[in-house]
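Contents: one structure, followed by commentary.
The values are calculated or read from the model by the stated rules, or taken from the named source; none is laboratory data. Predicted, not measured: the structure shown is a model, and the values here were computed from it. Reconstructed Cβ throughout: ideal geometry from the backbone, glycine too, with neighbour counts over all protein chains shown.
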Amino acid sequence: MKVDYHMHLEMGSLTLDYLEQFWRQAQAAGLDEIGISEHGHNFYQYEKIMGHLRTGEDAYPRIIQWLSRKFTLDLDDYVALIEAGKNRGWSLKLGLEMDYIPGKEAEIAAIIDAYPWDYVLGSIHFLGKWGFDFSPEVGWPDKDINSAYEAYFTALLEATSCGLFDSITHPDLIKIFGHQASIPLEPYYDAMVAALSETDTCVEINAAGLRKPVGIIYPHPEFLQKCHEADIPLTLACDAHYPSDVGRGLSEALELARSVGYTHFATFSDRQRSLQPIG
Ligand SMILES: [Zn+2]
Ligand SMILES: [Zn+2]
């Protein structure tokens, strides 16, 4: 079985025609099942979780501008669209990629509880009000790279420890533009593995890094190996933002998974996990 559990409709529209392009590409790429995982911040229901990133003197102009186009869609429409796709016989899963924002656990949990998700992904894209994956020109020139890595892994650990998510996505996204920390990351990897294990959360392998300046898959093989040794289940992701990227880089991701010892990956229905052999 081949799956891709991470993709976004946000560059198109919440229509069956656009969704069908993802499903057709999935079939062309030899996938048996795909999970749509739209970003929470596209929906008005998420404004109470991330709206504060637009305000205050420490807000970033580029992020204020970006958020002015967010919080517009309705989760009800999104959920109904994926259900309609399932009813057409397309092998879809209903997912959501949620930014973990410290202190907003109750609001995040309320959205998770309100809909029949097959799975929910937890992500870190913001450190305070800084969206570190926007551009190497946004925030990075003023930042100490080691401090940015420390803040990132601290936030990722909190996102994992809250226990709200089924899988933690692209778990070293901080490397996106190729910035490298000189501090040892092993203690963070160990702490993450312990938190994933304790909360019975999956780790995601995400091929999108191949298309970014860093040019390699998330996460680092050393971290992935530690996850495997601790029996942390794996979810598979290409993180397509366009139909043409569905399944792109999946074979490289599976090769990396196998190289550290993984023999299975996780699929979800109604937030119940099953393990499938890597073909
Ligand atoms: Zn993401
Ligand atoms: Zn994503």
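Annotation: residue 60 fulfils all but one of (1) without any contact (Cβ under 8 Å) to a residue 60 or more places away in the chain; (2) touching a Lys or Arg at 6+ places or on another chain (Cβ under 7 Å); the unmet one is (1).
Tell me, please, whether a residue that is within 19 Å of residue 216 (Cα to Cα), within 16 Å of ligand 2 (Cβ to nearest atom), touching a residue at least 40 places away in the same chain (Cβ under 8 Å) and under 13 Å from the mean Cα position of the chain (by Cα) can be found in the stretch 152-169. Scanning the stretch 152-169 turns up at least one residue that is within 19 Å of residue 216 (Cα to Cα), within 16 Å of ligand 2 (Cβ to nearest atom), touching a residue at least 40 places away in the same chain (Cβ under 8 Å) and under 13 Å from the mean Cα position of the chain (by Cα). Taking residue 89 as the residue in question, decide whether it is away from ligand 1 (no atom under 16 Å from the Cβ), free of Cβ contacts under 8 Å to residues at least 60 places away in the same chain and on the phi > 0 side of the Ramachandran plot. It is true that residue 89 is away from ligand 1 (no atom under 16 Å from the Cβ), free of Cβ contacts under 8 Å to residues at least 60 places away in the same chain and on the phi > 0 side of the Ramachandran plot. Find the residue count for the stretch 111-150, including only residues that are of a type in the set (D, E, K, R) and closer than 17 Å to residue 97 by Cα. Final tally of qualifying residues: 3. The helices (runs of 4 or more DSSP H) found wholly in the stretch 1-107 and carrying at least 2 residues that are under 30 Å from residue 161 (Cα atoms) occupy 47-50, 61-67, 75-87. Quick one: how many residues across the stretch 1-15 are surrounded by 14 or more Cβ atoms within 10 Å (Cβ to Cβ) and more than 16 Å from ligand 1 (Cβ to nearest atom)? Residues that pass the stated criteria total 4. Taking each residue of the stretch 239-268 that is on the phi > 0 side of the Ramachandran plot and looking for partners that are assigned to a loop (DSSP other than H, G, I, E, B) and not basic (Lys, Arg) with beta-carbon atoms closer than 6 Å, six or more apart or interchain, yields 239/6; 247/29; 247/31; 247/238; 249/238. When residue 132 is tested against the conditions (1) within 16 Å of ligand 1 (Cβ to nearest atom); (2) over 26 Å from residue 62 (Cβ atoms), the lone failure is (2).
Here residue 156 clears all of (1) closer than 25 Å to residue 110 by Cβ; (2) among the hydrophobic types (A, V, I, L, M, F, W, C); (3) touching a His at 6+ places or on another chain (Cβ under 7 Å) except the condition numbered (3). Scanning the stretch 108-126 for residues that are in a strand (DSSP E or B) and out of contact with any Phe, Trp or Tyr (no Cβ under 7 Å at 6 or more places or on another chain) yields one hit, 126. A single entry from 121, 81, 75 fulfils the requirement of being of a type outside the set (Lys, Arg), touching a strand residue (DSSP E or B) at 6+ places or on another chain (Cβ under 9 Å) and within 16 Å of ligand 2 (Cβ to nearest atom): 121. Residues in the stretch 37-73 that are of a type in the set (Gly, Ala, Ser) and surrounded by fewer than 13 Cβ atoms within 10 Å (Cβ to Cβ): 56, 68. Scanning the stretch 92-127 for residues that are among the charged types (D, E, K, R) and in contact (Cβ under 8 Å) with a residue 24 or more places away in the chain returns 93, 97, 99, 104, 105, 107, 118. Evaluate the following for residue 133: is it at pLDDT below 95 and either of a type outside the set (A, V, I, L, M, F, W, C) or closer than 13 Å to residue 164 by Cβ (or both)? So residue 133 fails the test. Can you spot a residue in the stretch 180-194 that is of a type in the set (A, V, I, L, M), away from ligand 2 (no atom under 16 Å from the Cβ), on the phi < 0 side of the Ramachandran plot and in contact with a Leu (Cβ under 7 Å, 6 or more places away or on another chain)? Yes, that holds for at least one residue. When the stretch 213-240 is filtered for residues that are of a type outside the set (A, V, I, L, M, F, W, C) and within 16 Å of ligand 2 (Cβ to nearest atom), the ones remaining, listed by number, are 218, 219, 235, 239. Taking the listed residues 43, 22, the one that is aromatic (Phe, Trp, Tyr) and out of contact with any Asp or Glu (no Cβ under 8 Å at 6 or more places or on another chain) is 22, with no other qualifying.
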